[in-house]
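Everything below concerns the one structure shown next.
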Amino acid sequence: MVEPSLSIKGLRAGYGSLDILNGVDLDVPQGQFVALMGPNGAGKSTLLKTLYGMTTVKGGSINWQGKDISALKSRAILAEGISWVPQGRCNFPVMTVDENLQMAAYTLRDSKVKAERDYVYNLFPILKTRRNTLAGNMSGGEQQLLEVAMAVLQRPKILLVDEPSVGLSPTAIGIVFDELLRINAAGQTILLVEQNTKKAMAVAQRAVILRLGKVIWDGRPADITHDELGELFLTGRMRGETDVEQ
Ligand SMILES: Nc1ncnc2c1ncn2[C@@H]1O[C@H](COP(=O)(O)OP(=O)(O)OP(=O)(O)O)[C@@H](O)[C@H]1O
Ligand SMILES: [Mg+2]
């Protein structure tokens, strides 16, 4: 068995005195593509933000490659190999693609920036063709790819991606997900939060469902139907079950 590279146990976290995560347990082995789903307000974004050091951790642990990172600041977490693509547009719209990637390389020494930008262009050739275009003038799909590329430039060991499909056309969603699949096939571990359950279930090796700040289902996409997923989102239970949600 592959050892989990990320191991979250009994994680409780939130904003100030507000608790959102109420005991999350989740292991992510290296190389896995995990889709985290659940109803609005379930705490999906909060979980990613917590992994990236942006909320108040109240209890439990986040073990990353043998080290508890739950008290680290975002900058240190990034240095540990965790990159985050937040929900919503997060590029610099009045800067070109090239300049956006340069901004994303702020943690690197100047001598390394060009090489890392070229690495990203190699990985995402679409962006290379748009390198002198203002990010804000690109399509939503291209902007989302740029945002993924800005995170990938850090050469993360795990990539946290929050809702990349929001506001995109079906074609653009297809392009973004194809790229995520491609980098996963090359070894990139991905924890993806996604409302587009159909798409998420098609690409991920594993589906995790969060509801009211807890994991209520964890398994292979093939082991759950869309109807069952809908039922879980709504009620926290599978049909005929009474004990999923406590
Ligand atoms: N900065 C914040 N301060 C206070 N409460 C917040 C903050 N961000 C989110 N919340 C609250 O935390 C809860 C969980 O929000 P979160 O964004 O994690 O949900 P989500 O599962 O990502 O939902 P969605 O599918 O709508 O993106 C919500 O009740 C939300 O109002
Ligand atoms: Mg969210």
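Could you check how many residues of region 141-176 are assigned to a loop (DSSP other than H, G, I, E, B) and among the β-branched types (Val, Ile, Thr)?
Adding up the residues that qualify gives 1.
Contact list please: Cβ distance under 8 Å, first residue in region 87-102 and more than 16 Å from ligand 1 (Cβ to nearest atom), second residue charged (D, E, K, R) and assigned to a loop (DSSP other than H, G, I, E, B), pairs at least six apart or on different chains.
Thr96/Arg131; Val97/Arg130; Val97/Arg131; Asp98/Arg131
Looking only at region 20-56, filter to residues that are of a type in the set (A, V, I, L, M) and away from ligand 2 (no atom under 15 Å from the Cβ); which one of those is nearest to the chain's Cα centre (by Cα)?
Across region 20-56, the extreme among qualifying residues is Val34.
Residues of region 187-198 being of a type outside the set (S, T, N, Q) and either within 9 Å of Met37 (Cβ to Cβ) or within 15 Å of ligand 1 (Cβ to nearest atom) (or both), which ones?
Those that are of a type outside the set (S, T, N, Q) and either within 9 Å of Met37 (Cβ to Cβ) or within 15 Å of ligand 1 (Cβ to nearest atom) (or both): Leu191, Leu192, Val193, Glu194.
Counting only residues that are under 20 Å from Leu72 (Cα atoms) and in a loop (DSSP other than H, G, I, E, B), which one in region 1-42 is farthest from ligand 1 (Cβ to nearest atom)?
Ser17
Residues Ile209, Ile158: which one is among the aliphatic types (A, V, I, L, M) and either more than 17 Å from Leu48 (Cβ to Cβ) or more than 16 Å from ligand 2 (Cβ to nearest atom) (or both)?
Ile158
Give me the pairs: first residue in region 162-179 and touching a residue at least 40 places away in the same chain (Cβ under 8 Å) and under 17 Å from Met37 (Cα atoms), second residue in a helix (DSSP H, G or I) and within 15 Å of ligand 1 (Cβ to nearest atom), beta-carbon distance under 8 Å, and six or more apart or on different chains, which are they?
Asp162/Lys44; Asp162/Ser45; Asp162/Leu48; Glu163/Ser45
Tell me which of these Ser111 doesn't satisfy, since it passes every other one: (1) among the small types (Gly, Ala, Ser); (2) modelled with pLDDT of 95 or more; (3) assigned to a helix (DSSP H, G or I).
(2)
Would you be able to say whether some residue in region 57-72 is within 15 Å of ligand 1 (Cβ to nearest atom) and under 17 Å from the mean Cα position of the chain (by Cα)? Break it down stepwise before answering.
Start the filter on region 57-72 by keeping residues that are within 15 Å of ligand 1 (Cβ to nearest atom), which leaves 57-58.
Going one step further and asking which of them are under 17 Å from the mean Cα position of the chain (by Cα), we end up with none.
The answer is no, given that none of the residues of region 57-72 is within 15 Å of ligand 1 (Cβ to nearest atom) and under 17 Å from the mean Cα position of the chain (by Cα).
Looking for something assigned to a loop (DSSP other than H, G, I, E, B), surrounded by 15 or more Cβ atoms within 10 Å (Cβ to Cβ) and touching a Ser or Thr at 6+ places or on another chain (Cβ under 6 Å) - is there at least one such residue anywhere in region 184-196?
Yes.
Between a residue in region 181-198 that is over 18 Å from Asp218 (Cβ atoms) and any residue that is more than 13 Å from ligand 2 (Cβ to nearest atom), which pairs come within a Cβ distance under 6 Å, given they are 6 or more apart or on different chains?
Partner pairs satisfying both residue conditions: Leu181/Val203; Asn184/Phe33; Asn184/Ile190; Gly187/Gly31; Gln188/Leu159.
Return a yes/no flag: does region 131-139 have any residue that is farther than 24 Å from Lys199 by Cβ and under 21 Å from the mean Cα position of the chain (by Cα).
Checking region 131-139: not a single residue is farther than 24 Å from Lys199 by Cβ and under 21 Å from the mean Cα position of the chain (by Cα).
The values are calculated or read from the model by the stated rules, or taken from the named source; none is laboratory data. Remember, it's a predicted structure, so these values are computed and weren't measured experimentally. Please note: Cβ atoms are built from the backbone with ideal geometry, for glycine as well, and neighbour counts cover all protein chains shown.
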